[in-house]
Every structure is written in C-alpha cells, then in structure tokens.
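Here is the structure we will look at.
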Amino acid sequence: MVLVGAFARIDPTGGGEVRSRLSALSGVEVFDLDDPGKVGLLIEAADTGLAHRVLTSRVRNVEGVWGVWPVYVHGEGDPREETGRMGDSLDR
Amino acid sequence: MKAAAMTAVASVAGGPGVARAFQAPAEVSWHKSVCRFCGTGCGVLLGMRGGRLVALRGDPGHPTTRGLVCAKALFLPKIVYSRDRLRHPMARKNGRLERIGWEEAMDLLAGKFGQAIQEHGPDSVAYYGSGQALSEESYLANRLFKGGIGTNNVEGNPRLCMASAVGGYVSTYGKDEPMGSYDDIEHARVFFLVGSNTAECHPVIFDQILARKQASRNVLVIACDPRRNPICSIADVHLDPIPGYDLPVFHAMAHVIIKENRHNREFIEKNVQFKAVRDGNPIPVAFEDYVKFLEQFSPEKAEMMSGVPAGKIAEAARLVALGPTLSFWTMGLNQRIAGVWANNLIHNLHLITGQIGKPGATPFSLTGQPNACGGVRDTGTLSHILPYGRAVKNPEHRAQMEKLWGARSGAIQPQPGLNTIEMFKALAEDRIKAMLVLTTNPGQSLPNLTKYRDAMGKARAEKPFIAVIDAYPTRTTELADLVLPAAMWTEKAGVFGMSERRYQYQPKIQDPPGEARSDFDILLDLGGRLEKLGVVPRGYISEKFKSTDDVWDEMRLASRNTAYDFTGMTRDRLKRERGLRWPCPDDSHPGTSRRFVKGEDPLLDSGPYADQSILKGEIKFYAAPDNRAVVWLRPAMPPAEPASGEYPFVLSTGRVLEHWHTGTMTMRADELRRAQPECYVEINPLDADRLGIRTGDRIRITSKRGEAIIKARVVSIPRPGMLFVPWHWEDEDSLINRVTIDAYDPGSKQPEFKICAVKIAKV
C-alpha cells in the first residue's frame, strides 16, 4: 500500500466547485489549506504507479486544476518487485 | 502515516486544519539531501527504516523549493533498488561481458590507458563525464587528465545541453552562470519563458510562476516556443516561431522597445557596450549602429521570417520593457547552431531595458541536470576551460592551476582538447585509443548516433578501449570493453551545484549494492595506478586525497579570488545548511542572491573585483571588458538543415514529465514506464490529415542520417510542419538520435538537437 500526499493549485475564482469535483474522485481525500488557491490531497493506492496515475491523469484533468505537486510518498514494497528495465543482461 | 502525509503537505502548502509540525512515522530516520534529477535542486528529506530508503518528502525548510518536488522524485527510492543495478565489474571476453574482480578491472583500465599514453601520447586518451557526477568527482577527473596525464580531451554531457548558455553568459558578461536567483521569481511581474517547457521539465519552478500568477492579475507570462506546450495554458502571449527562426523575433522586440522609447538610456550609458563581428573579429560599435542594424528586423519583417504575427511581437516587447522581467530558457535556445547568439539576444533585451540586477529582473538559464553547473561548468571539466572561470588558452590561468594541483610547469596543454562531437569522431578515426565514460549514456544521447555507436562498439582490429562507469546497464555499457559498477545518489557523499549557483551537500546514507564503488573511489584508484605506471607524476593524486572532503577543500582554494569565490562554503556549513549560493568568500557570509550588485555581491566589497566608488544597488559587470556587458549585433543565422522539398518536416526532440534524459533512471520505475510506455511523434492535425495519418499509426521518420519508427500522436501541440519526439526510449525503433544532426554551434560546440529536416511515411 502506498500513500501519497500532494496539493493541487486551482483556479481561485472557482475554488468551491473545483474542490467538489476533486472530492468526487474515488481514492482521493481532499483537505483544506490556508491558501484558497490550493487544496491538499491524500491518495491511497495499491502501488505508487496507481497513485501516480490518479495524480497525473485524473486530478490533473479536473476542470479548474492548474497543476498538481506531490509532496510525500510512503511505501514499503518488496524490493524484488522492481524488475529493472533490461533484466540482467548487458549484451543485447 | 496519513497524519504524516497531511502534515507534510501542510508544511509545504500551508494548512490550518492539520498540525504544522511534521509527524514522522515511527522508526524512520530523516536525512537532508538533494533530488537526483534536474538542475532545479529541490531539497528533499529521505526516510530510512531498517537500513532501507522507504520514504521521500520535499524539504519544507529548503529556502527556494520549500518542500516541493515533482512526480519523478517520488520514484527515486524505488529506482535506487532496481534489480538490474550493476553490482560487479565486467570485462569483455570473447565478445561477451563477463564478471571479473576489482583488481583485474582496475589493472585492465590503468593498463589500457597507460599503454595508449606511452605508445601514442596523452592525447590518445579521453574522458567523457557528466552533469550527474558529484562536483568532487568531476574536479578530480579534470585534475587527473589535464594536469596529471597532460591531455585536455576532457568533456562531459553538459556540452550537449548547456554549452550555449555558457557561451552566452561569457560573451555578454565575461563569466559564466546567472547573476540572479530563484528569489527573483517572487518579485517578477513578467515571465518570458523561451524554448522551455517549464511545466514538464522544471515543474517546481513552474509552480512558483503559477503562484505568482494566482497572486496577482498583473503578473504576465510570455511563452516563446514552436510547440503549444503546457506553459501556454497560462501564457498571456504565445510566440510560436518556425523552429530555428526566433532570432528575428528577439531582434524585432528590441526594435519595438527602442522605437517606442521604452529602452533605459541611463542604464545603457552606464553599463553597456555594443559589439559586432567583422571579418571574424569582434569590434566595438555605437548604439546608433545597433539601432540601424535593427531596422532590418521590424516586427513586420520578422513576421515574414519567423511566422510570428507582428502584433504579438510588439505586445511581447512592451511587456518585457514593462518589467520587472524574468527570462527563463533551456534547450530551445541552447541546442542550436546559433545557440550562443540566441542567448545573446535574450541578454540584449534585458540590457537595453535595464531589466537586470534588481528584484524580479534577470536573464536566467535553467539547467537540465543536477550538477551541470557546479560539477562541470564551474569545475572547468570541459576541453577548453579550467576551474572557476579560467581558460585553457590563458597562460596565467594554466600556471595557477598547475601550482595548485602540484603539477609540473607546462603540464596543462595550451590548446583546448577535442569537444564532444570531435572526440567521438576521433574515436571513429582511431585517434582516441582509450576513453573513460562516467555516469552518462552517449550510446543513446549523441546526435547522428549510428556513426558514434559504430565508433564505440564495432569490431575492428584495433578497436579503441571503452570503459564505462555507471549504476545501470545502458545502451553505452553494451558497447563497452569494461563496465565498472557505480554507487549512486544516497550511496555516496558530495556536492551538487544547481542552476542558481547554490551548492548543496548530499550525504551517504546507505551502502551501494554488491561490489559497486563511488566514481570518486574509482578515479582515485585509477590515478594511483597511473602513477605506478609512470604516466602521472608519483603522488599527484594518491598522496593528496583520501575522501571527497579533501577534494572539496582544494576546490575552495581554487575558487579563492575568482568570480566564483566559495571559500566560505566549508564542508561543515554545507552539511548544516540547505545549500549556499556563491560568491561566499568567508565562513560567515550567507551567500549571494544577486551578483554584480553593490550591497549584495560581496566581491564588490573586497578582493580583486572590489569597488568602493559605486553606491549600494548600483551594478558593475566586473568580469566583462571595461566592466560593461555586451549587446551583440548578431545576424539571424538559419538552422543547419532547414526543411526542404525532399525532407519537408522539421524534427525537434525533448522531454516529457514522467521521464528524464535517456531513461536510465525513470524507465526503472515500473510505474513511470507504464505511464509513458512507448515513444511517440507529435504531428499537427493539418499535416496528419493531409498525409492520412491517425493517432497510433506507425510512422517512419527519415533524415539524411538515419531513421526511427514511432507511433503517431496527432495533436495541436507542434506548429504545422514540425514534429516532436521525446528521446527517452532505448529500443531500436525509438532511437531518435539516429535521425538528429551533429552540426554544432561554432562557439559553444553544442549540437543542434532541436532542428533537422526529415520526411515521414506510414509503415
């Protein structure tokens, strides 16, 4: 399980509506920040890739979201999960 | 964990609903460090549990990046543990790489270099380094090759990305590196983003620009790029020149500024000189000559040349003059045969308007690698320069470094060595007999790639010896005769120097996998063995250094009394603080936000550049001839290979958010690889419709040099007639550098990756 903390920079003129749209996304927990131009986000996902996809595909595409910045990631998967790119061979 | 994540966000973005103090998960110890990716230099905190890196967060205490990181950084803990990390030395035997021990590996490396030097002279060997090595590692390699072996065949991959920015700074102000800093973002009203996809390539900088835009409707953004990249979503003006034809646009902006009397006469009279080049030599000219020169670049004429509407050019010019203006640029300007000139013209706009050296007003080249600035540019690890603004051609500078290094008098050759492209050509022609490649992947990243891959890897009777030091297998290790496994990032200690002159310390917090060693250890070992072989003076390396700390102390000495002076950046300070910006001449100095400004730049108060006659806030370009920055009258040189009848498209290459450079690191995070699983070529819908191409079609892209076969993505991002391909993928079909051109800027020697002529066909 991976937990990602992030914030989205949003159009401050439509803050309430943007916040509602973000809250409607499954797997995304929204919390308030001091700045009306930002909202905090918690994404819980099975792996970092899913969390990343939520951020880059779903959150970023919500109308009124100008950008998304991850701040924190915590995950303690099995190191053997990382397959590398090319296996063990140096000669191809 | 949730509380930890929320407080981490709140501490960066500000929030009343949660405690401000970060609540660390139990048993996790945190270590201050620096991100491994781009030159933004984001401060990070690394969480270790049970000897394993388990968490990463942006460092909220970092003075400029303030806790932000981009998506790529999230995956660094996973990338470090990639299963295919190189763990043992390997040598090519009977055509295959086989595991060997370190003793055999280092004997082989030193033996091959020693033999080449003894039989063919010092210029038969070469070093090709990286803006990703630690500063101490690049400095040590430079010291070993230039002062010890006696060759200036010392290059690095910043030649491919930043050399034109260096040429721009040096030819305009006399010394390299920006005079401003990220502090200026807070004060800028106009952002001029040129050839820079800041949103995807420097996302943390982009966030700070967005924050300014959110805070005030008066903050305005000009984007200059032939692609409608994501920064255009916030741009008030978008200039989209035909690739390679932006120089007329910049001149036309200067034309408008002067014609409408928006230039700063007082600043010009006090701080600026004008120069043109006649018969190959720079000559001084008058302001009136500049005005006359600009007559050929009215907005209307520039529109004819560049395709940018005259009205937009004039609008952009007025905004730049309004200021305070902060210009950011990257590869769109630098990777050109007119790269230095393009840089000069951005500096021209700042100099004629006086938009420089005051809060929010500065020209600023962003950097793509974490240590291109501190590690390669500043340490002089390129073929024509020596540490801290010294030049190979300058006898006084050579003598200074020979003395400091303890080299024999005359050890450093008086002529520059081979630049990157010429170095690999020399490899093809067997003039280079042995090359050491460190932390970079020229087997994928060089332009006109087939030619140079053949040089590195093809079977020949007297094949040059190629040794590669890297943490991962790459398209270069597969060509090597010897592969040495390297420690990376968290596995070694040293300094990174990023875009705003900030030097930051990175601690070692874990051991490397297997038998991997740091590049520093390998270089130190090599130096000692070359001493024993008699090709480097005895004790030149082996008796000087035991750790990177020792090298750092010599680097500080080398910087003393230069325009880079960082004598005050002791190791202890760097370990404590979130980096320091040079000049920093003593250990009580806080570092410098703006150079060349009295009251901010300590070098104007004491030392060789001191001047007590100027007032606080006044500017003195003390490194420039006559202390005046140069406005250059540069012709609007076209690209080396414009589109033509047979090759009607212009190809440009670049990056995407999820990947970085040749993908050596980012492709090792399964998630990032899945997010952008394959290469693609962007085609404008007008072109695609005409050719019957749809998204997903496989397209053959052919230039005079080679071809690639890549899936089409039909999008209104590139302008018509332009194709864009990211260069991160290493599979045969996607090796776009087989197509790109190796023509290079005659000043900076930087290749023109951004422009070459191609034709396309559906496969």
From A:49, A:40, residue being under 28 Å from residue B:217 (Cβ atoms) and of a type outside the set (D, E, K, R) = A:40
Among the residues of region A:9-60, count how many are touching a residue at least 12 places away in the same chain (Cβ under 8 Å), open to solvent by 60 Å² or more (accessible area, probe 1.4 Å) and more than 10 Å from chain B (Cβ to nearest Cβ).
-> 5
Residues of region A:7-50 that turn out to be assigned to a strand (DSSP E or B) and under 25 Å from residue B:672 (Cα atoms), as a count = 14
Select from region B:470-519 the residues that are surrounded by 23 or more Cβ atoms within 10 Å (Cβ to Cβ), among the hydrophobic types (A, V, I, L, M, F, W, C) and under 15 Å from residue B:552 (Cβ atoms) and list them in ascending order.
-> B:495, B:496
Inside region B:678-728, the number of residues satisfying the requirement of being in contact with a Leu (Cβ under 7 Å, 6 or more places away or on another chain) and assigned to a strand (DSSP E or B) is 7
Select from region B:79-88 the residues that are open to solvent by 40 Å² or more (accessible area, probe 1.4 Å) and more than 7 Å from every other protein chain (Cβ to nearest Cβ) and write down the one among them that is nearest to the chain's Cα centre (by Cα).
-> B:87
Of the residues that sit in region B:58-78 and are at the interface with chain A (Cβ under 9 Å from one of its Cβ atoms) and either at pLDDT 90 or above or farther than 24 Å from residue B:511 by Cβ (or both), which one is farthest from the chain's Cα centre (by Cα)?
-> B:60
Mind counting the residues in region B:66-97 that are among the hydroxyl-bearing types (Ser, Thr, Tyr) and under 21 Å from residue B:457 (Cα atoms)?
-> 0
Mind listing just one residue for me: the one in region B:619-654 that is open to solvent by less than 30 Å² (accessible area, probe 1.4 Å), out of contact with any Gly (no Cβ under 7 Å at 6 or more places or on another chain) and of a type outside the set (A, V, I, L, M, F, W, C) and, of those, nearest to residue B:608 (Cα to Cα)?
-> B:622
If residue B:263 passes every condition in (1) over 19 Å from residue B:351 (Cα atoms); (2) assigned to a loop (DSSP other than H, G, I, E, B) but one, which one does it miss?
-> (1)
Give the residue that is farthest from the other protein chains (Cβ to nearest Cβ), with candidates limited to residues of region B:94-105 that are under 26 Å from residue B:665 (Cα atoms) and either open to solvent by less than 10 Å² (accessible area, probe 1.4 Å) or part of a loop (DSSP other than H, G, I, E, B) (or both).
-> B:101
Could you list all residues from region B:271-290 that are open to solvent by 50 Å² or more (accessible area, probe 1.4 Å), without any contact (Cβ under 8 Å) to a residue 40 or more places away in the chain and assigned to a helix (DSSP H, G or I)?
-> B:288
Counting only helices (runs of 4 or more DSSP H) wholly inside region B:383-454, the ones holding at least 2 residues that are β-branched (Val, Ile, Thr) are B:420-428
Given (1) away from chain A (no Cβ under 14 Å); (2) part of a loop (DSSP other than H, G, I, E, B), number of the condition residue B:660 does not satisfy | (1)
Of the residues in region B:422-469, how many are among the aliphatic types (A, V, I, L, M), open to solvent by 10 Å² or more (accessible area, probe 1.4 Å) and either within 14 Å of chain A (Cβ to nearest Cβ) or touching a helix residue (DSSP H, G or I) at 6+ places or on another chain (Cβ under 8 Å) (or both)?
-> 2
Would you please name the residue that is least open to solvent (accessible area, probe 1.4 Å), looking only at residues in region B:556-568 that are in a helix (DSSP H, G or I) and under 11 Å from residue B:582 (Cβ atoms)?
-> B:559
Given (1) touching a strand residue (DSSP E or B) at 6+ places or on another chain (Cβ under 9 Å); (2) in contact (Cβ under 8 Å) with a residue 60 or more places away in the chain, where does residue B:386 come up short, assuming only one miss?
-> (1)
In the set B:55, B:91, which member is crowded, with 24+ Cβ neighbours inside 10 Å, among the small types (Gly, Ala, Ser) and either over 22 Å from the mean Cα position of the chain (by Cα) or not in a loop (DSSP other than H, G, I, E, B) (or both)?
-> B:55
Inspect all residues belonging to region B:204-217 and state whether any of them is under 16 Å from the mean Cα position of the chain (by Cα) and of a type in the set (A, V, I, L, M, F, W, C).
-> yes
In the list B:251, B:263, B:238, which residue meets the criterion of being out of contact with any Lys or Arg (no Cβ under 9 Å at 6 or more places or on another chain) and touching a residue at least 60 places away in the same chain (Cβ under 8 Å)?
-> B:263
Does region B:221-242 contain any residue that is modelled with pLDDT under 95, under 30 Å from residue A:63 (Cβ atoms) and open to solvent by less than 10 Å² (accessible area, probe 1.4 Å)?
-> yes
Counting only residues that are assigned to a helix (DSSP H, G or I) and farther than 17 Å from residue B:37 by Cα, region B:490-547 contains a total of 15
Looking at (1) under 22 Å from residue B:187 (Cβ atoms); (2) in contact with a Pro (Cβ under 6 Å, 6 or more places away or on another chain); (3) not polar (S, T, N, Q), find the lone condition where residue B:224 falls short.
-> (2)
Members of region B:345-390 found to be over 19 Å from the mean Cα position of the chain (by Cα) and polar (S, T, N, Q), listed by number = B:348, B:353, B:355
Assess whether residue B:264 counts as being crowded, with 19+ Cβ neighbours inside 10 Å and either polar (S, T, N, Q) or at pLDDT below 95 (or both).
-> yes
Take region B:43-52 and flag every residue that is touching a strand residue (DSSP E or B) at 6+ places or on another chain (Cβ under 8 Å) and either over 25 Å from residue A:38 (Cα atoms) or open to solvent by less than 10 Å² (accessible area, probe 1.4 Å) (or both).
-> B:43, B:44, B:46, B:47, B:48, B:49
Sole miss for residue B:359 among (1) open to solvent by 40 Å² or more (accessible area, probe 1.4 Å); (2) touching an Asp or Glu at 6+ places or on another chain (Cβ under 8 Å); (3) within 14 Å of residue B:635 (Cβ to Cβ) is condition (3)
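The values are calculated or read from the model by the stated rules, or taken from the named source; none is laboratory data. Nothing here was measured: the structure is a model prediction, and the numbers come from that model. Using ideal geometry, Cβ is built from the backbone for each residue, glycine included, and neighbour counts are taken over all protein chains shown. Heavy atoms of the whole protein, side chains included, go into the accessibility calculation; ligands, DNA and RNA do not. Shrake-Rupley method; radii C 1.70, N 1.55, O 1.52, S 1.80 Å.
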